[in-house]
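Working notes for the structure below.
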Amino acid sequence: MLDVMIKRSSLKRNSEVVYSQLVKELEESIRRGELAPGEQIPPENLLAEQFGISRSSVRVGLNLLENRGIVVKRAGKGTFVRNHVEEKTPEKNAIRTIGINILMQDDNKENWYDSKIMASVLPVCNERNLRLSVVGGKDFGLLGRDFVDALLLLCYNGSREELLMLQSAGIETILFNRIFAHEKIAYVSVNYRYESEKAVRFVRGLGHERIGVIAVPAEGSASTGLRESGYLDAMELHEFDPELTCCVKPGCSDAYYADRIESFLKEKRRNFTALFIPNGSLAVPTFLACMRLGIRVPDDLELLCFDDIAYLYQTYRIPFHYIKMPLHEMAADAVNYLSAKMTDPAVPVLKRLYQVEILKKEEEGEE
């Protein structure tokens with residue numbers, strides 16, 4: 001660890017304050033997780049030698065880091081990266097807070113997914129005597145321990161460095177339906193690509209060899225992109241077949257999607273007998289397009305949506321296949337993990353994948 005810092009420090013010196021480069025290198029190493037919470041900082045004499053400054057300047061730099069709450073000095077032992085979790089000794093009945101981030105959405109986008117997860121998380125928090133606090137926005141670096149003790153991240157497109165920095169500040173994190181390979185980052189998730197491939201293969205097993213798809217550009221949603229990749233895997237395609245694909249823009253209104261899907265079905269429906277809908281926000285526009293064209297579902301066209309849209313049946317009375325994620329189980333596992341991790345930092349990092357159910361909604365109920 002020190003060797004890495006030495007190489008960096010030799011590249012640049014700060015002419016204004018002699019200890020500024022030392023402070024900067026230590027901060028960056030802690031933020032990246034190269035110096036972990038509770039790990040000892042190299043001794044003053046070694047830092048002084050390698051950074052070419054006096055021991056008194058090293059002490060000033062370390063005092064500055066201590067004042068910022070980044071390191072802690074222990075008499076007779078040295079200086080250590082501050083471990084907020086170990087230092088916190090809450091009262092027996094103290095209530096800890098889990099923050100859950102919900103991306104505030106435009107009027108044209110549904111928020112039923114977040115609502116389902118909130119409905120699953122709340123009962124578990126109540127059982128665990130945990131407070132649940134909604135966190136808006138994306139700048140988690142501004143959060144402090146005075147606001148939350150842990151974060152359940154539903155919407156996260158940030159870097160691993162940011163997550164590691166939160167952990168070094170004593171805020172435990174877990175991702176919901178996002179997979180990170182880093183050993184210190186926890187998640188509970190569905191493997192969207194694999195499960196989508198499985199769902200499309202299920203429809204092929206019903207006798208539908210030619211299956212259309214509604215495709216949204218990958219930048220619109222990472223999870224939608226993975227579902228579309230699963231479709232390509234199941235269809236044994238390297239790219240979308242224009243005869244099977246309805247391309248739409250992300251973040252548009254239901255009216256736009258209904259018009260696009262209607263035009264696509266009118267022109268291309270003869271090329272396929274089933275349609276894969278990658279996410280729930282496209283289900284209603286698809287139903288509307290089918291109704292306008294007089295398409296009988298499933299006699300003329302089988303529909304599969306990779307989301308839990310069972311609630312739509314009562315309104316549209318159109319039979320369809322859909323998937324159901326074990327959201328309650330995932331939410332319980334996530335909250336239980338955070339609760340355990342806040343109590344004991346040595347709890348192993350949770351990385352768990354879940355399978356989905358493929359169900360059918362029709363007059364007699366679910367199959």
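The values are calculated or read from the model by the stated rules, or taken from the named source; none is laboratory data. Since the structure is predicted, the reported quantities are computational estimates derived from the model, not experimental observations. Virtual Cβ from ideal backbone geometry, glycine too; neighbours counted across all protein chains shown.
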*In the stretch 103-115, what residues are at pLDDT 70 or above and surrounded by fewer than 17 Cβ atoms within 10 Å (Cβ to Cβ)?*
115
_in contact with a helix residue (DSSP H, G or I) (Cβ under 6 Å, 6 or more places away or on another chain) and buried (at least 16 other Cβ atoms within 10 Å of the Cβ): is that true of residue 232 in this structure?_
no
*Here is a list of conditions, (1) of a type in the set (A, V, I, L, M, F, W, C); (2) surrounded by fewer than 15 Cβ atoms within 10 Å (Cβ to Cβ); (3) part of a loop (DSSP other than H, G, I, E, B); (4) modelled with pLDDT of 85 or more, and residue 53 meets all of them except one; can you say which number that is?*
(2)
*From (1) closer than 25 Å to residue 344 by Cβ; (2) surrounded by 14 or more Cβ atoms within 10 Å (Cβ to Cβ), pick out the condition that doesn't hold for residue 77.*
(2)
_Considering only residues that are within 21 Å of the chain's Cα centre (by Cα), surrounded by 14 or more Cβ atoms within 10 Å (Cβ to Cβ) and over 26 Å from residue 329 (Cα atoms), which ones fall in the stretch 178-219?_
216
*Among the candidates 289, 346, single out the residue that is small (Gly, Ala, Ser) and touching a residue at least 12 places away in the same chain (Cβ under 8 Å).*
289
*Could you say whether any residue in the stretch 169-183 is touching a His at 6+ places or on another chain (Cβ under 8 Å), among the small types (Gly, Ala, Ser) and over 30 Å from residue 272 (Cα atoms)?*
yes
*So which of 320, 272, 306, 276 is touching a Pro at 6+ places or on another chain (Cβ under 7 Å) and touching a residue at least 24 places away in the same chain (Cβ under 8 Å)?*
306
*Looking only at residues in the stretch 153-188 that are small (Gly, Ala, Ser) and under 17 Å from residue 348 (Cβ atoms), which one is modelled with the highest pLDDT?*
186
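Okay, residues lined up against (1) closer than 18 Å to residue 195 by Cβ; (2) touching a Leu at 6+ places or on another chain (Cβ under 9 Å):
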{"site": "248", "(1), (2)": "no, yes"}
{"site": "262", "(1), (2)": "no, yes"}
{"site": "289", "(1), (2)": "no, yes"}
{"site": "311", "(1), (2)": "no, no"}
{"site": "323", "(1), (2)": "yes, yes"}
{"site": "326", "(1), (2)": "yes, no"}
*Considering residues of the stretch 332-348 that are of a type in the set (A, V, I, L, M, F, W, C) and within 12 Å of residue 128 (Cβ to Cβ) only, the residue surrounded by the fewest Cβ atoms within 10 Å (Cβ to Cβ)*: 340
*Filter the stretch 249-286 for residues that are of a type outside the set (Phe, Trp, Tyr), in contact with a Lys or Arg (Cβ under 8 Å, 6 or more places away or on another chain) and surrounded by fewer than 20 Cβ atoms within 10 Å (Cβ to Cβ); which is nearest to residue 304 (Cα to Cα)?*
273
*Under 6 Å between Cβ atoms, at least 6 apart or on separate chains: pull out the pairs that start in the stretch 248-262 with a residue that is farther than 19 Å from residue 225 by Cβ and end on any residue that is surrounded by fewer than 17 Cβ atoms within 10 Å (Cβ to Cβ).*
253/108; 262/292
*Considering only the stretch 206-243, state which residues are out of contact with any Phe, Trp or Tyr (no Cβ under 7 Å at 6 or more places or on another chain) and aromatic (Phe, Trp, Tyr).*
240
